[in-house]
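Participant: Let me begin by handing over the structure; questions about it come next.
The values are calculated or read from the model by the stated rules, or taken from the named source; none is laboratory data. What you are looking at is a predicted structure, and each value in this text was computed from that prediction instead of being measured. Don't worry about glycine lacking a Cβ; one is built from the backbone with ideal geometry, like all the others, and counts go over all protein chains shown. The accessibility values were calculated without ligands, DNA or RNA, using every heavy atom of the protein model including side chains. Shrake-Rupley method; radii C 1.70, N 1.55, O 1.52, S 1.80 Å.
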Amino acid sequence: MKTALTIAGSDSGGGAGIQADLKAFAAQGVYGMSVITAVTAQNTMEVRSVQNIDLSIINDQIEAVFDDIRVDAVKIGMLSSAKTVKVVADSLEKYQPKFIVLDPVMVSKGGHHLLQGEAISALKEKMLPLSTIVTPNIPEAEVLINRSIQTEENMMNACLAIKALGPKTVLLKGGHLSGNPNDLFYDGVSFHWIKGERIHTKNTHGTGCTLSSAIAANLAKGATLLEAVQLAKKYITTAIKYSLNLGHGHGSTNHFYELYERANLVLCQNNFERM
Ligand SMILES: Nc1ncnc2c1ncn2[C@@H]1O[C@H](COP(=O)(O)OP(=O)(O)O)[C@@H](O)[C@H]1O
Ligand SMILES: Cc1ncc(COP(=O)(O)OP(=O)(O)O)c(N)n1
């Protein structure tokens, strides 16, 4: 079985972070493992508090996994502090996994900072050069290159500038611009638009986490980078289309649309109440 490891923060609400990553891995048929960098007390409306995990425990989790189990791909999410960025980057340099998908998580939908300001330069200097693909949304890309992005032409120039920071490829997500959510993939040679259709829902908690984890899972299974991005875009689009209206804020995407449908049909056939 192919495997993927997420190095990210925990979301108690289950829609983003480690919880979303493991669900996305499983939905792609990949065995998921996790290294927790921070614990957030979070729901669909807000992040209430954050506890960073001790650096030695982060390091021990990474070593425990790599010393025993083959890791086909790594996905990186919330890193929280500059010291955490450094510990994770040093470990990845030591173990040299084949694929590193970096989601440069900075701010939650509710506006809570998930990466301390002082950690941004560490992320740029230490993590971006190690990444097979980096998947910023528009506000994250604007922070990385310190310039505003408003048009598709701006997106192309932003990809060039982000590629110059050292990752092998870039996927700049267009979901935060108005109009259809078209993402731009750049591999250093050519640009590919990964087109989407906007789904009108407030239940988009964890979209970025889910997309980057699906990319990692598909890389683990042997897809090329472009194929992995295309497959992940198809998956996140369905997950948003059938998203879950749970909680009072931004509900979660539906990581297991087909599985839940089948399970509920069985429940109905057994005369249980439908979910
Ligand atoms: N309302 C939407 N309908 C369809 N696709 C969307 C929508 N919002 C975001 N996406 C897509 O979901 C993926 C995650 O993007 P985004 O929401 O921008 O990430 P993040 O969670 O990091 O802010 C991208 O492929 C983006 O184009
Ligand atoms: C623990 C944790 N990690 C990452 C995020 C951000 O997730 P993202 O997929 O960007 O979704 P939104 O926060 O934009 O809904 C998070 N919230 N928590």
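Participant: Among the strands (runs of 3 or more DSSP E) confined wholly to region 5-116, which include 2 or more residues that are in contact with a Pro (Cβ under 8 Å, 6 or more places away or on another chain), within 23 Å of residue 169 (Cβ to Cβ) and more than 16 Å from ligand 1 (Cβ to nearest atom)?
Facilitator: Working: elements: 31-42, 47-52, 73-76, 100-102.
Qualifying strands (runs of 3 or more DSSP E): 73-76.
Participant: When you look at residue 2, is it within 16 Å of ligand 1 (Cβ to nearest atom), in contact (Cβ under 8 Å) with a residue 12 or more places away in the chain, farther than 13 Å from residue 80 by Cα and open to solvent by 10 Å² or more (accessible area, probe 1.4 Å), yes or no? Lay out the reasoning, then the answer.
Facilitator: Details: within 16 Å of ligand 1 (Cβ to nearest atom): no; in contact (Cβ under 8 Å) with a residue 12 or more places away in the chain: yes; farther than 13 Å from residue 80 by Cα: yes; open to solvent by 10 Å² or more (accessible area, probe 1.4 Å): yes.
No: the conditions fail for residue 2.
Participant: Here are some residues: 11, 72, 68, 60. Which one is among the acidic types (Asp, Glu), under 19 Å from residue 94 (Cβ atoms) and buried (at least 17 other Cβ atoms within 10 Å of the Cβ)?
Facilitator: Checking each option against the conditions leaves just 72.
Participant: Between a first residue in region 191-215 that is under 14 Å from residue 173 (Cβ atoms) and within 8 Å of ligand 2 (Cβ to nearest atom) and a second residue that is modelled with pLDDT of 95 or more and open to solvent by 50 Å² or more (accessible area, probe 1.4 Å), which pairs have beta carbons less than 6 Å apart while being 6 or more apart in sequence or on different chains?
Facilitator: From residues that are under 14 Å from residue 173 (Cβ atoms) and within 8 Å of ligand 2 (Cβ to nearest atom), the pairs are 204/250.
Participant: Against the definition (assigned to a loop (DSSP other than H, G, I, E, B) and open to solvent by 70 Å² or more (accessible area, probe 1.4 Å)), how does residue 203 come out, yes or no?
Facilitator: no
Participant: When the residues of region 75-108 are narrowed to those that are among the polar types (S, T, N, Q) and open to solvent by less than 60 Å² (accessible area, probe 1.4 Å), which ends up modelled with the lowest pLDDT?
Facilitator: Only one residue fits best here, namely 108.
Participant: Same structure again: With the condition kept exactly as written, say whether any residue in region 166-188 is out of contact with any helix residue (DSSP H, G or I) (no Cβ under 9 Å at 6 or more places or on another chain), open to solvent by 50 Å² or more (accessible area, probe 1.4 Å) and either within 13 Å of ligand 1 (Cβ to nearest atom) or not in a loop (DSSP other than H, G, I, E, B) (or both). Break it down into steps so the answer makes sense when it comes.
Facilitator: From region 166-188, those out of contact with any helix residue (DSSP H, G or I) (no Cβ under 9 Å at 6 or more places or on another chain) are 178-180; that's our starting set.
Still in the running and open to solvent by 50 Å² or more (accessible area, probe 1.4 Å): 178, 180.
Filter once more, so that each one left must be either within 13 Å of ligand 1 (Cβ to nearest atom) or not in a loop (DSSP other than H, G, I, E, B) (or both): 178, 180.
Looking for residues that are out of contact with any helix residue (DSSP H, G or I) (no Cβ under 9 Å at 6 or more places or on another chain), open to solvent by 50 Å² or more (accessible area, probe 1.4 Å) and either within 13 Å of ligand 1 (Cβ to nearest atom) or not in a loop (DSSP other than H, G, I, E, B) (or both), one finds at least one in region 166-188, hence yes.
Participant: Since residue 111 meets every condition but one in (1) over 18 Å from the mean Cα position of the chain (by Cα); (2) surrounded by fewer than 17 Cβ atoms within 10 Å (Cβ to Cβ); (3) within 16 Å of ligand 2 (Cβ to nearest atom), which condition does it not meet?
Facilitator: (1) is the only condition that residue 111 fails.
Participant: Another question, if that's okay. Please find, among 145, 133, 120, 138, the residue that is over 27 Å from residue 45 (Cα atoms), without any contact (Cβ under 8 Å) to a residue 40 or more places away in the chain and surrounded by 15 or more Cβ atoms within 10 Å (Cβ to Cβ).
Facilitator: On the way: 133 fails: without any contact (Cβ under 8 Å) to a residue 40 or more places away in the chain; 120 fails: over 27 Å from residue 45 (Cα atoms); 138 fails: over 27 Å from residue 45 (Cα atoms).
Result: 145 is the single residue among 145, 133, 120, 138 that is over 27 Å from residue 45 (Cα atoms), without any contact (Cβ under 8 Å) to a residue 40 or more places away in the chain and surrounded by 15 or more Cβ atoms within 10 Å (Cβ to Cβ).
Participant: Here's another thing I want to ask about it. Cβ-Cβ under 7 Å, sequence separation 6+ or interchain: first residue in region 247-259 and modelled with pLDDT under 95, partner polar (S, T, N, Q). Which pairs?
Facilitator: So the pair list comes out as 257/238.
Participant: Restricting to region 23-37, name every residue that is within 19 Å of residue 239 (Cβ to Cβ) and open to solvent by less than 50 Å² (accessible area, probe 1.4 Å). Steps first, please.
Facilitator: Start the filter on region 23-37 by keeping residues that are within 19 Å of residue 239 (Cβ to Cβ), which leaves 23-30, 32.
Listed by number, the residues that qualify are 24, 25, 27, 28, 29, 30, 32.
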